[in-house]
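Asks: Have a look at this one.
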Amino acid sequence: MRELVVVVEHPPGANPVADLLADYPDARLRSSACHVTETSLWRVDHASGPEAALDRLEDMAGARYFTDCLVRDGCDGDWETTVLDQSAGSLVLYSYWERTDDCDSIPHLARDRFGDGVVLEETWRGRTQRWRVLAPDGPVGSFVEAVQAIADADVRFERVSDPEREVTADLPPEQADALAAAVEAGYYETPREVEAYELAERLDVPGSTFAYRLRCAEAWLAKRYVE
């Protein structure tokens, strides 16, 4: 098995979801399941963030490029997106996409190069879409070249290596979100660029709640490191 981490930076105006998430820095989209065949793709996504962001995301559920097509112009693939569940601060979406000759995506390109057995995980904040791909040994160079040749966006590969344990595998989502927000905002920089109460305000949670989640995440990381 090989692990590849692919990061796509969407330029303004190229993808409506990227534009939306850029407007709401506290919003996040992550996949809980993503499956792909030669001609189709289906996935379940969890979105979290301010209610205004989730309302806009629900309204654009059928928007062009909502799924994962890397082709900015000329894509005529058929897809549908359905809201499975909505509650305060979260939204669960199901998407199904029928691929055509003019459409390509990172999941499809991975499946084309590595065959069956590809496992895909995605997170999306702002204009940054990050894919983690676990794949059987195969033509890594061909996959990298295919993605870079097709994508109408800035694409970089952060890792191509043997699989590593996923550090957030057993970390509750709210604690993982608190830790990610702290890192991204510069909480652990020296000097510190943001205070915990400011992060709590951004995430719209009580200060004591945020502090507890962050402390639990730090304790979990420390124990994993020592182990």
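The values are calculated or read from the model by the stated rules, or taken from the named source; none is laboratory data. All values reported here derive from a predicted model rather than from experimental measurement. Positions of Cβ are backbone-derived with ideal geometry, glycine not excepted, and every protein chain shown enters the neighbour counts. Remember, those area values only see protein heavy atoms, side chains included, never the ligands or the DNA or RNA. Shrake-Rupley method; radii C 1.70, N 1.55, O 1.52, S 1.80 Å.
Asks: For Rg/Rh (Cα atoms, Kirkwood Rh), the listed values are (1) 1.03; (2) 0.93; (3) 0.97; which was obtained by calculation from the structure presented?
Replies: (3)
Asks: Using a probe radius of 1.4 Å on heavy atoms only, what accessible surface per residue do you get for the chain? Whole Å² is fine. Can you show the working numbers first?
Replies: On the way: 11510 Å² over 227 residues.
Each residue of the chain exposes 51 Å² on average to a 1.4 Å probe.
Asks: Can you list residues from other chains, or at least 5 along the same chain, whose modelled amide H is less than 5 Å from the amide H of residue 104?
Replies: The list, which skips near neighbours in sequence, is 70, 71.
Asks: Can you give the FRET efficiency for residue 211 and residue 190, using 1/(1 + (r/R0)^6), R0 = 22 Å, r = Cβ-Cβ distance, to the nearest 0.05? Walk me through the numbers before you get to the answer.
Replies: Numbers: r = 20 Å, r/R0 = 0.90.
Efficiency at R0 = 22 Å is approximately 0.65.
Asks: Here's a follow-up. Residue 107: net charge of surrounding residues, Cβ under 14 Å, Lys/Arg +1, Asp/Glu -1, itself excluded? If you can, show how the numbers build up before the last one.
Replies: Numbers: positive: 43, 99, 111, 113, 130, 132; negative: 38, 45, 68, 98, 104, 112, 116, 121, 122.
Net charge around residue 107: -3.
Asks: Right, something else. Tell me, in nm to one decimal, what length is gained between residue 222 and residue 80 on full extension, where the rule is 0.36 nm per residue of separation less the Cα-Cα distance?
Replies: Values: separation 142, 0.36 × 142 = 51.12 nm, distance 4.25 nm.
Going from the current span to full extension adds 46.9 nm.
Asks: While we're here: What 222 nm value per residue comes from the helices of the chain, counting each DSSP H run with n ≥ 4 as -39,500 (n - 2.57) and dividing by all residues, nearest 500 deg cm²/dmol? List each step's numbers first, then the result.
Replies: Details: 7 runs with 78 residues, N = 227.
When only DSSP H runs of four or more count, the value is -10500 deg cm²/dmol.
Asks: Between residue 102 and residue 87, what is 0.36 nm times their sequence separation minus the Cα-Cα distance? Round to one decimal in nm. Kindly include the intermediate steps, with their values, before the conclusion.
Replies: Details: separation 15, 0.36 × 15 = 5.40 nm, distance 3.63 nm.
Once the chain is fully extended between residue 102 and residue 87, it gains 1.8 nm.
Asks: Using a 1.4 angstrom probe and counting only protein chains, how large is the accessible area of residue 81 in Å², to 10?
Replies: Number for this one is 30 Å².
Asks: Now for a separate question. For the chain, which whole-number percentage of the solvent-accessible area (1.4 Å probe, protein heavy atoms only) is attributable to carbon and sulfur atoms? Walk me through the numbers before you get to the answer.
Replies: Values: 5500 of 11510 Å².
Within the chain, the accessible surface is 48 percent carbon and sulfur.
Asks: Also, quick follow-up: Would you kindly derive the ³J(HN,Hα) couplings of segment 213-226 from the backbone phi angles with the Karplus curve 6.51 cos²θ - 1.76 cosθ + 1.60 (θ = phi - 60°), listing them in order in whole Hz, with x for Gly and Pro?
Replies: 4, 5, 5, 5, 5, 5, 5, 5, 5, 4, 5, 5, 5, 5
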